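Worksheet for the structure shown next.
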Amino acid sequence: MASAAAAAQCFSSYSTPATWALRQRGGGGARVLQFSSRRSFCVSATAGGFDNQNREYVIVGGGNAAGYAARTFVEHGMADGRLCIVSKEPVPPYERPALTKGYLFPPEKKPARLPGFHTCVGSGGQRQTAEWYKENGIEVLYEDPVVAFDGKTQTLKTSSGKILKYGSLIISTGCEASRLPEKIGGKLPGVHYIRDVADADALVSSLGSAKKVLVIGGGYIGMEVAAAACGWNLDTTIVFPEDHIMPRLFTPSLAKKYEDLYQQNGVKFIKGALIDKLEAGSDGRVSSALLKDGSVVEADTVIVGIGAKPVVGPFEAVGVNPKVGGIEVDSLFRTSVPGIFAIGDVAAFPLKMYNRIARVEHVDHARKSAHHCVETLLTSQTKAYDYLPYFYSRVFEYEGSSRKVWWQFYGDNVGETVEVGNFDPKIATFWIDSDSRLKGVFLESGTSEEFSLLPQLAKSQPIVDKLKLQSATSVEDALEIARSSLQSVASV
Ligand SMILES: Cc1cc2nc3c(=O)[nH]c(=O)nc-3n(C[C@H](O)[C@H](O)[C@H](O)COP(=O)(O)OP(=O)(O)OC[C@H]3O[C@@H](n4cnc5c(N)ncnc54)[C@H](O)[C@@H]3O)c2cc1C
Ligand SMILES: NC(=O)c1ccc[n+]([C@@H]2O[C@H](COP(=O)([O-])OP(=O)(O)OC[C@H]3O[C@@H](n4cnc5c(N)ncnc54)[C@H](O)[C@@H]3O)[C@@H](O)[C@H]2O)c1
Ligand SMILES: O=C1O[C@H]([C@@H](O)CO)C(O)=C1O
């Protein structure tokens with residue numbers, strides 16, 4: 001280890017490795033080297049640590065994408081003494097999805113805890129603990145978020161006052177939870193948001209003494225946290241403005257099936273409703289929610305899951321996409337500023353197969369964008385990122401649950417739908433456009449072989465016989481009909 005760390009190197013900050021001028025210098029001692037020109041950047045480091053302001057590669061944000069990016073740096077032998085991760089959190093990158101799944105199991109049902117789910121275990125990779133970063137010569141600055149950025153001088157300032165000069169910069173600041181305004185009770189004790197481990201710990205602590213739980217928002221967080229509350233046998237209500245849950249993805253009919261299942265587990269729904277105010281009891285803790293229609297819902301614990309916003313600050317000057325928010329990048333994750341990249345939730349990237357700019361707030365993209373970006377940075381790869389959207393959720397997974405729920409979706413949820421099955425135990429939904437092309441496919445409780453068919457279908461978008469699909473007698477039958485339509489693509 002630390003061979004690179006023992007040397008000083010010069011390289012072009014704006015170029016890809018093909019044009020790098022990497023120079024080893026003798027002496028091995030720590031020296032701060034001069035910048036020879038605007039375009040070249042020098043770093044000096046000693047074995048065991050970085051000793052000056054200069055960093056060759058800096059990743060800002062220590063979340064899901066950062067963990068996978070670090071792995072790719074290591075795979076290329078380019079991490080040791082060269083890579084610095086600046087993190088707001090006190091722990092190394094972890095698989096954020098666990099926070100509303102295994103993390104929220106009640107204490108007697110073996111909840112997931114760190115270091116169990118550090119990246120990259122969620123995709124079957126190595127568990128990268130704090131030790132792993134040390135062993136691989138990666139500097140991680142914990143609990144020291146970047147607060148200022150100067151693109152001209154290529155410097156970052158952290159909250160503790162550190163000034164870091166970077167050669168190449170990867171922005172992976174992710175999203176933050178949208179909040180209810182303080183003036184309507186959005187900050188009362190007992191009101192929770194969930195984005196990081198500290199948030200999840202606070203929620204677990206509230207669930208331990210909760211009696212009535214109110215979940216605000218019927219999206220991913222709402223569905224996952226409401227199901228988790230069932231595991232604690234808590235009186236649980238979900239309130240949201242739309243007429244069905246998961247409006248971003250589910251059709252009304254698919255949503256109804258999940259709503260029925262939640263109701264069988266005792267969850268109550270209040271649809272088409274907005275919060276007017278969260279009220280505090282005499283102890284100052286949240287005690288109820290007043291809805292816009294004047295009705296009142298009692299609750300001692302409130303979880304707000306009303307969406308997330310990309311964290312672009314302090315990098316606004318790099319270029320924010322006006323439509324979808326986030327830092328705009330090209331198909332190689334390069335921003336408009338040479339040497340600066342953005343990945344994960346915060347990146348507004350060309351979603352090639354649908355010819356639109358998108359931000360994807362799901363972990364599969366965080367992992368793949370990180371890998372693709374670092375490959376681009378470290379090799380001569382120029383292949384455009386060609387992402388197939390993939391979302392999933394798992395709920396009611398805790399031991400003793402009467403029914404585990406596990407669904408996956410691939411593609412685009414556009415066009416008309418055909419739906420088959422009703423938790424028997426499977427459900428499948430197919431999205432088909434006006435040219436009879438299969439655009440998106442959803443499957444609940446498939447086998448691994450069935451799940452593996454979904455990306456093939458969504459990627460190749462075969463022409464399907466809608467009437468035949470509608471006449472399918474089971475989910476298995478429908479999947480076979482869809483599978484056979486792949487031959488039409490193969491034969492074109
Ligand atoms: C509770 C929860 C459950 C989820 N479950 C699923 C799921 O089941 N399936 C799925 O596909 N997706 C899921 N997601 C979404 C998935 O976790 C995200 O898409 C993924 O984490 C994005 O990775 P990222 O690195 O872009 O952002 P993040 O993982 O959010 O990491 C960003 C990091 O940057 C840090 N940061 C922000 N600003 C600064 C700064 N100025 N300086 C330094 N650090 C900074 C943040 O503190 C954070 O650590 C879930 C998200 C949440 C919140
Ligand atoms: N399985 C997964 O992929 C998964 C799981 C958890 C979280 N996440 C990610 O975490 C982030 C946050 O998730 P989320 O569930 O908060 O977002 P979401 O966008 O999935 O759902 C937000 C929900 O809140 C509702 N809403 C919006 N404004 C509201 C308001 N003022 N009052 C009441 N309801 C309101 C929306 O209509 C929607 O139903 C997202 O990026 C999401 O992708 C993903
Ligand atoms: O992708 C994921 O990673 C975590 C967990 O599998 C890590 O062990 C989780 O719950 C996911 O859905």
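The values are calculated or read from the model by the stated rules, or taken from the named source; none is laboratory data. The shown structure was predicted, so the numbers you read here are calculated from the model rather than taken from an experiment. Cβ sites come from the backbone with ideal geometry, for glycine too, and all protein chains shown count toward neighbours.
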Within the group P97, P90, P106, P115, which residue is closer than 30 Å to V213 by Cα, modelled with pLDDT of 95 or more, of a type outside the set (K, R) and over 21 Å from the mean Cα position of the chain (by Cα)? P106
It is to be established whether one or more residues within segment 431-439 are touching a helix residue (DSSP H, G or I) at 6+ places or on another chain (Cβ under 8 Å), over 24 Å from D364 (Cβ atoms) and either buried (at least 16 other Cβ atoms within 10 Å of the Cβ) or of a type in the set (S, T, Y) (or both). yes
Unmet criterion (only one of (1) on the phi > 0 side of the Ramachandran plot; (2) within 16 Å of ligand 3 (Cβ to nearest atom); (3) without any contact (Cβ under 8 Å) to a residue 40 or more places away in the chain) for G116: (1)
Entirely in segment 295-359, the strands (runs of 3 or more DSSP E) that have 2 or more residues that are away from ligand 2 (no atom under 12 Å from the Cβ) and farther than 16 Å from V58 by Cα: 296-298, 347-351, 356-358
So S380 passes all but one of these: (1) under 19 Å from F73 (Cβ atoms); (2) assigned to a helix (DSSP H, G or I); (3) more than 13 Å from ligand 1 (Cβ to nearest atom); (4) in contact (Cβ under 8 Å) with a residue 60 or more places away in the chain. Which condition number does it fail? (2)
Going by the structure shown, is E89 more than 14 Å from ligand 1 (Cβ to nearest atom) and either surrounded by fewer than 16 Cβ atoms within 10 Å (Cβ to Cβ) or among the charged types (D, E, K, R) (or both)? no
Within segment 217-240, count every residue that is aliphatic (A, V, I, L, M) and either over 18 Å from V304 (Cβ atoms) or more than 10 Å from ligand 2 (Cβ to nearest atom) (or both). 5
In segment 241-287, how many residues are of a type in the set (K, R) and more than 16 Å from ligand 2 (Cβ to nearest atom)? 2
Just checking: which of the helices (runs of 4 or more DSSP H) contained wholly in segment 188-278 hold 2 or more residues that are aromatic (F, W, Y)? 252-264
Taking only segment 132-184 into account, find how many residues are within 16 Å of ligand 2 (Cβ to nearest atom) and either in contact (Cβ under 8 Å) with a residue 40 or more places away in the chain or in a strand (DSSP E or B) (or both). 10
When residues of segment 119-131 are filtered for being loosely packed, with under 13 Cβ neighbours inside 10 Å and assigned to a loop (DSSP other than H, G, I, E, B), how many remain? 2
Only one of (1) at pLDDT below 95; (2) within 16 Å of ligand 2 (Cβ to nearest atom) fails for S402. Which number is that? (2)
Kindly establish whether G151 is more than 15 Å from ligand 3 (Cβ to nearest atom), within 19 Å of Y57 (Cα to Cα) and crowded, with 20+ Cβ neighbours inside 10 Å. no
Within segment 324-346, restricting to residues that are in contact with a strand residue (DSSP E or B) (Cβ under 6 Å, 6 or more places away or on another chain) and free of Cβ contacts under 8 Å to residues at least 40 places away in the same chain, the one that is surrounded by the fewest Cβ atoms within 10 Å (Cβ to Cβ) is G325
Out of the residues in segment 482-492 meeting the condition of being out of contact with any Ser or Thr (no Cβ under 9 Å at 6 or more places or on another chain) and surrounded by fewer than 19 Cβ atoms within 10 Å (Cβ to Cβ), tell me which one is modelled with the lowest pLDDT. V492
Please specify each residue of segment 383-403 satisfying the condition of being assigned to a strand (DSSP E or B) and under 28 Å from V329 (Cβ atoms). Y390, F391, Y392, S393
State yes or no: is A366 closer than 30 Å to S460 by Cβ, assigned to a strand (DSSP E or B) and of a type outside the set (K, R)? no
Report yes if V418 is more than 25 Å from the chain's Cα centre (by Cα) and of a type outside the set (D, E), otherwise no. yes
Pull up segment 347-358, narrow it to residues that are crowded, with 22+ Cβ neighbours inside 10 Å and in contact with a helix residue (DSSP H, G or I) (Cβ under 9 Å, 6 or more places away or on another chain), then point me to the one that is nearest to K383 (Cα to Cα). F349
Taking interchain pairs and intrachain pairs at least six residues apart, which have beta carbon atoms under 7 angstrom, with the first residue in segment 428-440 and more than 16 Å from F409 (Cα to Cα) and the second part of a strand (DSSP E or B) and of a type in the set (D, E, K, R)? D433/K439
Tell me which residues, restricted to segment 390-408, are within 19 Å of D260 (Cα to Cα) and among the small types (G, A, S). S393, S401, S402
Taking Y166 and the conditions (1) over 14 Å from S87 (Cβ atoms); (2) under 20 Å from the mean Cα position of the chain (by Cα); (3) of a type in the set (S, T, Y), which numbered condition does it fall short on, given that it satisfies the others? (2)
